[in-house]
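Colleague: Have a look at this one.
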Amino acid sequence: MFPEFLPPNVSALSERTSIEQAIRIQRLEVRTSLRQDPIATTYTRLGTSGTPIVLLHGFDSSILEFRRLQPLLARSSETWAVDLLGFGFTERAIDVSFTPSDIEAHLYGFWQAAIDRPIILVGASMGGAAAIDFSIAHPEAVERLVLLDSVGLTNGPVAGKYLVPPFDYLAAEFLRRPSVRNTISYTAYFDKQFNSEDARCCAALHLESEGWRRSLIAFTKSGGYPSLKSKLTELQLPTLVLWGEDDRILGTKDATEFLQLIPDSKLAWIPCCGHVPHLERPQTTAKQILAFRN
């Protein structure tokens with residue numbers, strides 16, 4: 001029932017949307033400028049009409065993050081979700097460095113191979129920084145941009161650049177702890193009932209993928225996404241900033257700053273919602289995105 005490349009613990013998923021999202025995950029061999037061999041890239045696709053919408057997940061996450069939003073968008077628009085390089089269930093090749101520039105190059109390869117026409121790009125949290133970076137590098141590929149509680153205004157943790165063995169390993173193992181992940185998940189939601197056993201399984205399933213620790217360490221040592229503040233004026237495309245009113249991960253100050261810095265932008269608040277509106281308020285989020293699309 002589930003794709004064979006997913007970790008065995010996928011059978012622990014219990015909610016319908018999670019099970020259906022896992023079942024529909026596919027792999028595409030994507031050729032990039034990063035290596036001679038293609039990279040097996042995981043994605044989901046729903047819907048067949050309209051300008052394609054592409055969904056990018058947050059840090060140390062996967063396309064399971066869009067289990068509730070993607071089906072809603074797909075009712076009226078072709079919708080893709082893709083696991084970024086170094087994350088989710090996408091192949092973690094040993095000869096790739098997993099820097100933000102590598103992520104951009106891989107995403108471009110996926111866009112060329114799977115879509116190859118202008119898209120509406122939606123980035124959640126770290127995926128927002130990836131979406132901004134991609135939109136600036138490839139303006140011909142992006143028609144509109146949506147940022148969901150996005151990072152991108154501050155630099156990544158400086159300390160990560162200086163992690164040396166065994167501290168890099170210990171840092172990854174710390175993040176792997178169920179208690180740590182549960183705390184992060186609990187904080188991400190305004191309504192704590194969303195922090196269910198199924199939600200925790202979705203958030204941790206990719207940890208069993210080959211190379212998870214290696215790619216996480218490599219990305220962290222690269223410094224992650226730097227502040228993109230000085231580049232935001234280069235975004236010459238309509239941009240929607242969607243933000244949970246009760247975001248306890250990033251707070252709410254960055255929402256208004258994005259609005260001020262991106263030339264053609266609008267801001268919509270999602271009430272009674274934390275850091276992950278696509279999981280906590282998927283219908284409201286889908287309605288906002290589809291209205292912005294038109």
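The values are calculated or read from the model by the stated rules, or taken from the named source; none is laboratory data. Everything numeric here is computed off the predicted structure, so don't read it as measured data. Every residue, glycine as well, gets a Cβ built from its backbone with ideal geometry; the counts of neighbours run over all protein chains shown.
Colleague: Regarding L85, is this residue closer than 24 Å to C273 by Cα and touching a helix residue (DSSP H, G or I) at 6+ places or on another chain (Cβ under 8 Å)?
Modeller: Considered against the rule, which asks whether it is closer than 24 Å to C273 by Cα and touching a helix residue (DSSP H, G or I) at 6+ places or on another chain (Cβ under 8 Å), L85 comes out as no.
Colleague: Oh, and also: Suppose we filter segment 223-271 for residues that are in contact with a His (Cβ under 8 Å, 6 or more places away or on another chain) and either of a type in the set (A, V, I, L, M, F, W, C) or crowded, with 18+ Cβ neighbours inside 10 Å (or both); how many remain?
Modeller: 4
Listed here are the residues, each with its yes/no results for (1) in contact with a strand residue (DSSP E or B) (Cβ under 9 Å, 6 or more places away or on another chain); (2) assigned to a loop (DSSP other than H, G, I, E, B); (3) at pLDDT below 95.
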| position | (1), (2), (3) |
| --- | --- |
| P3 | yes, yes, no |
| N9 | no, no, no |
| S14 | no, yes, no |
| E20 | no, no, no |
| L28 | yes, no, no |
| T32 | yes, yes, no |
| T41 | yes, no, no |
| T44 | yes, no, no |
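Colleague: Determine which member of the set S101, S62 is under 22 Å from A130 (Cα atoms), touching a Gly at 6+ places or on another chain (Cβ under 6 Å) and modelled with pLDDT of 95 or more.
Modeller: S62
Colleague: Let me ask something else. Working only within segment 103-146, note down all residues that are among the charged types (D, E, K, R) and more than 15 Å from the chain's Cα centre (by Cα).
Modeller: D116, R117, E140, E143, R144
Colleague: Of everything in segment 36-54, what is without any contact (Cβ under 8 Å) to a residue 40 or more places away in the chain and surrounded by fewer than 17 Cβ atoms within 10 Å (Cβ to Cβ)? Give them in sequence order.
Modeller: Q36, P38, T48, S49
Colleague: Which condition does L73 not pass, out of (1) under 23 Å from R281 (Cα atoms); (2) not in a helix (DSSP H, G or I), if it passes all the others?
Modeller: (2)
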